[in-house]
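This report refers to the structure that appears directly beneath it.
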Amino acid sequence: MNIAVISYSFSGNNDALAGSVAKELSSDYFQISEAKPRTLSSITMDMIFSRIPLVQPSPNLLMKYDLILFFGPIWMGQVATPIRPYLRHFKKNPNKYGFISISGGADGPNTKVPGELRKRAGADPVVFIDLYIADLISTNPKPTRKATSAYKLDPSDIKQLTCTIVKRLKDVT
């Protein structure tokens, strides 16, 4: 199976994890980039107005793959906006895809994301893996948004999470 891994990361955590999974799967790996640097203000405005930014690489690049695995954060309970152009492309050009995220988790599970993926891509992902930084750090006291936002995955976190993801992917591929 010809698999592409494509990631967007504001903090670097999703990129680090995606690179590790791509290496483990011997897949092509692409990082999403934007013309303008992203700020907390632009994230908020994108979420409020449901904006879809211009990104590189072009969504057309992914047409040659049997499965595309997206790695990206979840912002305010929604898929990060730099992934949206690819999902919109899939709505017109169906393809198998998966969505994997490592995000804060201090506010609890992201229950609306599968429905948003279905709406934006026109189909359910073949795999949805929603991981939380809050599960990696001490639960006493309960992790805060500030603590989960500041957390950087270390090599042992990346190794552990990569193993978890690859095991789940074996059921799909």
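The values are calculated or read from the model by the stated rules, or taken from the named source; none is laboratory data. Everything numeric here is computed off the predicted structure, so don't read it as measured data. Neighbour counts are summed over all protein chains in view; Cβ atoms, including those assigned to glycine, are modelled from backbone coordinates with ideal geometry. The protein model used for the area step is the full one, side chains on, heavy atoms only, and it has no ligands, DNA or RNA in it. Shrake-Rupley method; radii C 1.70, N 1.55, O 1.52, S 1.80 Å.
Checked across the range 45-68, the condition of being within 14 Å of the chain's Cα centre (by Cα) and closer than 26 Å to LEU169 by Cβ holds for at least one residue.
This table checks each residue for (1) closer than 20 Å to ILE3 by Cα; (2) in contact with a helix residue (DSSP H, G or I) (Cβ under 9 Å, 6 or more places away or on another chain); (3) not polar (S, T, N, Q).
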{"position": "PHE90", "(1), (2), (3)": "yes, yes, yes"}
{"position": "SER103", "(1), (2), (3)": "no, yes, no"}
{"position": "PRO114", "(1), (2), (3)": "no, no, yes"}
{"position": "ARG120", "(1), (2), (3)": "no, yes, yes"}
{"position": "ALA123", "(1), (2), (3)": "yes, yes, yes"}
{"position": "LEU131", "(1), (2), (3)": "no, yes, yes"}
{"position": "ILE137", "(1), (2), (3)": "no, yes, yes"}
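Okay, residues lined up against (1) closer than 27 Å to LYS142 by Cβ; (2) of a type in the set (Lys, Arg); (3) modelled with pLDDT under 95:
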position: LYS23; (1), (2), (3): no, yes, no
position: TYR29; (1), (2), (3): no, no, no
position: SER42; (1), (2), (3): no, no, yes
position: MET45; (1), (2), (3): no, no, yes
position: ASN60; (1), (2), (3): no, no, yes
position: ILE74; (1), (2), (3): yes, no, yes
position: GLY98; (1), (2), (3): no, no, no
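Would you be able to tell me the number of residues in the range 62-72 that are at pLDDT 90 or above and open to solvent by less than 30 Å² (accessible area, probe 1.4 Å)?
So the count comes out to 7.
Could you say whether any residue in the range 34-45 is part of a helix (DSSP H, G or I), under 21 Å from GLY77 (Cβ atoms) and in contact with a helix residue (DSSP H, G or I) (Cβ under 7 Å, 6 or more places away or on another chain)? No.
Scanning the range 49-58 for residues that are open to solvent by less than 60 Å² (accessible area, probe 1.4 Å), modelled with pLDDT of 85 or more and not small (Gly, Ala, Ser) gives VAL55, PRO57.
Suppose we keep only residues that are farther than 16 Å from ILE83 by Cα and hydrophobic (A, V, I, L, M, F, W, C) within the range 20-47. Which one would you say is surrounded by the fewest Cβ atoms within 10 Å (Cβ to Cβ)? The residue in question is LEU40.
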